[in-house]
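*Asks:* Take a look at this one; I'll ask things after.
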Amino acid sequence: MALDVTPDTRDLTAARMSRMSGTGRAPRVVIDDDALPPGPRWPVLAQTIGLLRFRHAFHPWLRRRYGDVFTVRLVPGGRPLVFFTRPEHAKEIFAADPEVFHAGKGNSILGPIMGEHSLLLQDGADHKRARKLIMPAFNGHALRDYRTLVTDLARDEVAHWPADRPFRSLDRMNTLTLEVILRVVFGVTDEQRLRAMRPRVTATVDISPGILLGWGYPWLQRFGPWRRTVENQTELDRLMYAEIRERRAAPDLAERTDVLSRLLLVDERDGLSDTELRDQLVTLLLAGHETTASALSWALYEVGRDPALLRRAQQAADDGDDAWLDAVLKESMRLHPIIPMVVRTLMEPMTIGGWDLPGGTTVGPSIIVAHQSSENHPDPEVFRPDRFLGQSPPAHTWIPFGGGARRCIGAGFAQMEGVQVLREVFTAYDVHAVGADEPKVRNITSVPRDGARIRVSPRR
Ligand code: HEM
């Protein structure tokens, strides 16, 4: 599709990308080593690579080597990241005052894509206001409105799966969850515009850490992959602003139940500007798509490894036993966390888990360690959905969605979507896992390295 960029959209995109491009560089915080919990003394680049590329082995290794609380130092400048691994520590962090425990700073690397108004990047009063406006679009009532749409899209997707031939379930789930989130965010809309948006959103999710880090050097944006990223962003922005503009004037706005329309119906005095809407919508599209796809593909793969679990899943699908399908999804996110940890930056000195930490320190619970600990989850390496049936694991031991004032706003949506999709798959097919798989790092999320390959055959 040709780039038909109106000057104002190009200006807006360029302004955002250059304004936010320095934000990947955290302010240099000089913190005395003795004040911090123990950690490796390796060069900071080695520690950073360990954390970015090998997180699944690195978190548990650090826990074994240094105990419940440890420090990793990261580029640039060796800034410290203090890990907490016990549930009572996670509780302290999640329950803490969000005015002191900022989350937006830890996500600042996402600024050039998501924009400064993104829920993920905001803190303080701005975050509180935006969260209050967006939350109703994901409450129980709204979720019921989206359910039929999700079921229909899932049924449609599943009907096209090849029989008796291995395929990467992650790829199919990515296609499906992108479609779901686009329809939920925009509702029924111009199909041509949606068609143009799909590859733009996918290309945005595909951005690698190398590109993200490159934003610290805006001159790079004239070259190769950085230039293509800017072009892709400009085009996505153009499509989003066009959609927002048209929707403001839509005669059926008041009857619509999609997220954009709900946000536009907010009392005008509190309403979001076009730029704020763009940032929040891009955030929802990106945060709400590959995460859910990864969780779902692991769920299919794990159930497909065990004939007894498959029979149980099919029974649950036939009986409308959503609780069991929900437990499958929860267990999938426990065994294969999608996000490795949650981070907060201290705005003033604080004591956590008995450690006195200076202001400026970044802290966070490790989701990987919490989910793998045998104290929290007996036989942690076993995929056993029943552990979530009729009971919840002890507080703060299952934290795939983070917690407190920043808990994932789409958690309920992801679980609702997951159950609808699993029901459609297990109603239609026998599912068998193909080969062995393991998690790999993909930018911020973790995904199955081989795409959680499965083979399906229609149920007799
Ligand atoms: C399995 C799927 C998902 C996982 C594992 C996941 C995980 C997370 C995590 C760990 C956080 C950080 C929480 C914290 O800092 O305490 C988060 C935040 C967020 N998630 Fe999700 N997420 C998922 C699906 C979704 C969906 C479907 C949406 C949107 C429809 C979404 C939108 C967001 C947003 C906007 C935030 C920022 C919330 C804030 O800072 O106030 N996520 N998610």
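*Asks:* Check whether at least one residue in region 160-178 is under 19 Å from Glu235 (Cα atoms) and surrounded by 14 or more Cβ atoms within 10 Å (Cβ to Cβ), and report yes or no. Explain how you work it out, then say what you get.
*Replies:* The initial filter retains those residues of region 160-178 that are under 19 Å from Glu235 (Cα atoms), namely 178.
Filter once more, keeping what is surrounded by 14 or more Cβ atoms within 10 Å (Cβ to Cβ): 178.
Yes, there is a match, as at least one residue in region 160-178 is under 19 Å from Glu235 (Cα atoms) and surrounded by 14 or more Cβ atoms within 10 Å (Cβ to Cβ).
*Asks:* Is it the case that region 35-44 has a residue that's β-branched (Val, Ile, Thr), more than 21 Å from the chain's Cα centre (by Cα) and crowded, with 18+ Cβ neighbours inside 10 Å?
*Replies:* No: region 35-44 contains no residue that is β-branched (Val, Ile, Thr), more than 21 Å from the chain's Cα centre (by Cα) and crowded, with 18+ Cβ neighbours inside 10 Å.
*Asks:* Return the residues of region 407-460 that are among the aromatic types (Phe, Trp, Tyr) and within 14 Å of the ligand (Cβ to nearest atom); say none if nothing qualifies. Outline the logic, then answer.
*Replies:* Taking region 407-460 and keeping what is among the aromatic types (Phe, Trp, Tyr), we get 413, 426, 429.
If the condition is that a residue be among the aromatic types (Phe, Trp, Tyr) and within 14 Å of the ligand (Cβ to nearest atom), then Phe413 is the only one that fits.
*Asks:* Right, here's the next one. Please return the ranges of helices (runs of 4 or more DSSP H) entirely within region 137-216 where 3 or more residues are hydroxyl-bearing (Ser, Thr, Tyr) and out of contact with any His (no Cβ under 9 Å at 6 or more places or on another chain).
*Replies:* Correct list: 140-158.
*Asks:* What about Thr362, is it of a type in the set (S, T, N, Q), within 15 Å of the ligand (Cβ to nearest atom) and either under 16 Å from the mean Cα position of the chain (by Cα) or more than 30 Å from Arg183 (Cβ to Cβ) (or both)?
*Replies:* Details: of a type in the set (S, T, N, Q): yes; within 15 Å of the ligand (Cβ to nearest atom): yes; either under 16 Å from the mean Cα position of the chain (by Cα) or more than 30 Å from Arg183 (Cβ to Cβ) (or both): yes.
Here the answer is yes, as Thr362 does meet what is asked.
*Asks:* Test of understanding: among Gly451, Gly354, Gly359, which residue is without any contact (Cβ under 8 Å) to a residue 40 or more places away in the chain and either crowded, with 17+ Cβ neighbours inside 10 Å or touching a strand residue (DSSP E or B) at 6+ places or on another chain (Cβ under 7 Å) (or both)?
*Replies:* Working: Gly451 fails: without any contact (Cβ under 8 Å) to a residue 40 or more places away in the chain; Gly354 fails: either crowded, with 17+ Cβ neighbours inside 10 Å or touching a strand residue (DSSP E or B) at 6+ places or on another chain (Cβ under 7 Å) (or both).
After applying the criteria, what remains is Gly359.
*Asks:* Output the residue which, of all residues in region 122-135 that are touching a residue at least 40 places away in the same chain (Cβ under 8 Å) and under 11 Å from Gln280 (Cβ atoms), is farthest from the chain's Cα centre (by Cα).
*Replies:* So, considering only residues that are touching a residue at least 40 places away in the same chain (Cβ under 8 Å) and under 11 Å from Gln280 (Cβ atoms), the one farthest from the chain's Cα centre (by Cα) is Leu133.
*Asks:* If I ask for residues that are surrounded by 13 or more Cβ atoms within 10 Å (Cβ to Cβ) and of a type in the set (Lys, Arg), which ones from region 188-227 would you list?
*Replies:* Arg193, Arg198, Arg200, listed by residue number.
*Asks:* Let me ask something additional. Go through region 267-289 and count every residue that is loosely packed, with under 15 Cβ neighbours inside 10 Å and either within 15 Å of the ligand (Cβ to nearest atom) or more than 22 Å from Pro112 (Cβ to Cβ) (or both).
*Replies:* 5
*Asks:* Thr257 fails exactly one of the following numbered conditions: (1) touching a residue at least 24 places away in the same chain (Cβ under 8 Å); (2) in a helix (DSSP H, G or I). What is the number of that condition?
*Replies:* Only one criterion is unmet by Thr257, namely (2).
*Asks:* Name the one entry in Ala250, Ala316 that is more than 22 Å from Thr445 (Cα to Cα) and free of Cβ contacts under 8 Å to residues at least 60 places away in the same chain. Give the derivation first.
*Replies:* Working: Ala316 fails: free of Cβ contacts under 8 Å to residues at least 60 places away in the same chain.
Ala250 is the lone residue from the list that is more than 22 Å from Thr445 (Cα to Cα) and free of Cβ contacts under 8 Å to residues at least 60 places away in the same chain.
*Asks:* Contact list please: Cβ distance under 6 Å, first residue in region 195-211 and without any contact (Cβ under 8 Å) to a residue 60 or more places away in the chain, second residue assigned to a helix (DSSP H, G or I) and not aromatic (Phe, Trp, Tyr), pairs at least six apart or on different chains.
*Replies:* Listed by first residue and then by second, the contacts come to Met197/Leu239; Arg200/Asn232; Arg200/Glu235; Arg200/Leu236; Ala203/Asn232; Ile211/Pro225; Ile211/Thr229.
*Asks:* For region 324-337, does any single residue satisfy the condition of being farther than 30 Å from His59 by Cβ, surrounded by fewer than 21 Cβ atoms within 10 Å (Cβ to Cβ) and either within 13 Å of the ligand (Cβ to nearest atom) or basic (Lys, Arg) (or both)?
*Replies:* Within region 324-337 (the criterion being farther than 30 Å from His59 by Cβ, surrounded by fewer than 21 Cβ atoms within 10 Å (Cβ to Cβ) and either within 13 Å of the ligand (Cβ to nearest atom) or basic (Lys, Arg) (or both)), the answer is no, since none of the residues qualifies.
*Asks:* Filter region 112-159 down to residues that are within 14 Å of the ligand (Cβ to nearest atom), over 29 Å from Arg172 (Cβ atoms) and surrounded by 18 or more Cβ atoms within 10 Å (Cβ to Cβ), then give me how many there are.
*Replies:* Matching residues across region 112-159 total 9.
*Asks:* Can you find a residue that is touching a strand residue (DSSP E or B) at 6+ places or on another chain (Cβ under 6 Å) and more than 21 Å from Phe413 (Cβ to Cβ) anywhere in region 288-302?
*Replies:* yes
*Asks:* Among the residues of region 433-454, which ones are in contact with a Gly (Cβ under 8 Å, 6 or more places away or on another chain) and under 24 Å from Val150 (Cα atoms)?
*Replies:* Passing the criteria: Arg453, Ile454.
*Asks:* Consider only pairs whose beta carbons are under 6 Å apart and that are at least six residues apart or on different chains; among these, list those whose first residue lies in region 270-293 and is within 20 Å of Arg238 (Cβ to Cβ) and of a type in the set (S, T, N, Q) and whose second residue is within 13 Å of the ligand (Cβ to nearest atom) and part of a loop (DSSP other than H, G, I, E, B).
*Replies:* Close Cβ pairs (under 6 Å, with a partner that is within 13 Å of the ligand (Cβ to nearest atom) and part of a loop (DSSP other than H, G, I, E, B)) amount to Thr283/Ser118; Thr283/Leu119; Thr283/Leu120.
FYI, it's all coordinate maths here, none of it is from the lab. These figures come from a predicted structure and were not determined experimentally. Cβ: placed from backbone, ideal geometry, glycine included. Neighbour counts: every protein chain shown.
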